[in-house]
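Comments concern the structure below.
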Number of protein chains: 2
Amino acid sequence: MKIQLISVGKVHEPYMGAGIEDFTARIGKYFPVAWQIIAPPKNAAAMDDKELKKQEAKLILQNLGNDDQLILLDERGKQLSSTELAQFIQQRANESSKRLVFLIGGAYGVDETITKRANFTWSLSKLVFPHMLVRLILAEQLYRACTILRNEKYHHQ
Amino acid sequence: MKIQLISVGKVHEPYMGAGIEDFTARIGKYFPVAWQIIAPPKNAAAMDDKELKKQEAKLILQNLGNDDQLILLDERGKQLSSTELAQFIQQRANESSKRLVFLIGGAYGVDETITKRANFTWSLSKLVFPHMLVRLILAEQLYRACTILRNEKYHHQ
């Protein structure tokens, strides 16, 4: 199973990027993993929120395959503990999912075509985080989940 | 009101440190703010979890004043939305608290002398984060709370 991380927005900011890249490289020892950063539409500043989300949704859907398991990160979703996340990933692997896609939407969230397409909506927290921090948290939690599944020492509680 | 951020552990890791320092400097435009990093006891490796937490508790209590409002970060606490955090801080300021202390415990949590001393126990998420990431999240959320209280543009939802 491949893990694909999709984020709508800018390339990783340098000072968060080091952490994001570090944890992503560590995930790579357990699953093939890659980031895809989708740039917002060119005339985004001229669009209202709704139109922007619609245009972003088109770009996102172009990058999804029919078989992809899509996990949307959204604070209105369901929270998981780190252990539950590990189990969730294991279940997807057991169901022979080919690609598990984690999606971080744009600045104003995502269009309903995406919320409908999502197989699961995951909330990291009741808190709202900036996108770069969501990327870092996502990469760290996926790495942590991998170590939990292998009973490795990183996670203790 | 001063904001004091206390963490038991190592100095900021370089690649998280830049983000932590950046957000802390931004908080400084709203409240006097400072980090205090408490090094674990010298023979920590030789102690069991319980003894370690007990020794860490002593070091923490030495750094607290009687009037300090102590907010303990612990995943067994209560979650707040970013807006609720802002209101929480405003309330403490309204009650003329002199110092609002946010405490990130050691690797195995904190001794019960600390959980009893805490005026509030705050959970960032159901997820377990590494300490350096907790520091970054804490600094970012406090900055975000400041902008919410001043109705500034950083937070939108």
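FYI, it's all coordinate maths here, none of it is from the lab. In this text the structure is predicted, and so the values were computed from the model without any measurement. So basically every Cβ, Gly included, is an ideal-geometry build from the backbone, and we count neighbours across all protein chains shown.
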Margin query: Under 37 °C and 0.692 mPa s, how fast does the range A:73-156 diffuse according to Stokes-Einstein, given a Kirkwood radius computed over C-alpha pairs? Answer in µm²/s, whole number.
Written below: 238
Next item on the list: For the range A:79-85, take each phi angle, set θ = phi - 60°, evaluate the Karplus expression 6.51 cos²θ - 1.76 cosθ + 1.60, and give the result in whole Hz per residue in order, putting x for glycine and proline.
Entry: 7, 10, 7, 4, 5, 5, 4
Item checked: Loop sites in the range A:87-157: trypsin sites (Lys or Arg not before Pro), DSSP, at most 12 other Cβ within 10 Å -> A:Lys98, A:Arg150, A:Lys153
Notebook entry, point to check: Label-point separation (nm) for B:Asn63 and A:Leu59, each offset 7 Å from Cα along Cα-to-Cβ?
Noted result: 4.3
Item checked: Theoretical ellipticity at 222 nm over chain B - DSSP helices of four or more residues, -39500 (n - 2.57) apiece, nearest 500 -> -13500 deg cm²/dmol
Notebook entry, point to check: Using θ = phi - 60° and the Karplus curve 6.51 cos²θ - 1.76 cosθ + 1.60, what whole-Hz ³J(HN,Hα) does each residue of the range A:65-78 get, with Gly and Pro shown as x?
Noted result: x, 4, 8, 5, 7, 9, 10, 8, 8, 7, 5, 8, x, 9
Item checked: Prolate/oblate/rounded label for the protein assembly as shown (Cα gyration tensor, a/c 1.5) -> oblate
Note to self: Under the rule a/c < 1.5 gives rounded, and otherwise a/b versus b/c splits prolate from oblate, where does chain B land using the Cα gyration tensor?
What the structure shows: prolate
Checklist line | Alpha-carbon centroids, the range A:100-136 and the range B:61-118: separation in whole Å | finding: 29
Next item on the list: Using only Cα atoms, tell me the angle between helix B:131-149 and the longest principal axis of chain B; keep it within 0 to 90° and round to the nearest 10.
Entry: 30
Check: Rounded, prolate or oblate: which one fits the range B:1-77, using the alpha carbon gyration tensor with axes a ≥ b ≥ c (rounded when a/c is under 1.5, else prolate when a/b beats b/c, else oblate)?
Finding: oblate
Check: Say each of B:Asn119 and B:Asp48 gets a label point 7 Å from the Cα, pointing the same way as Cα to Cβ; how far apart are those two points in nm?
Finding: 3.5
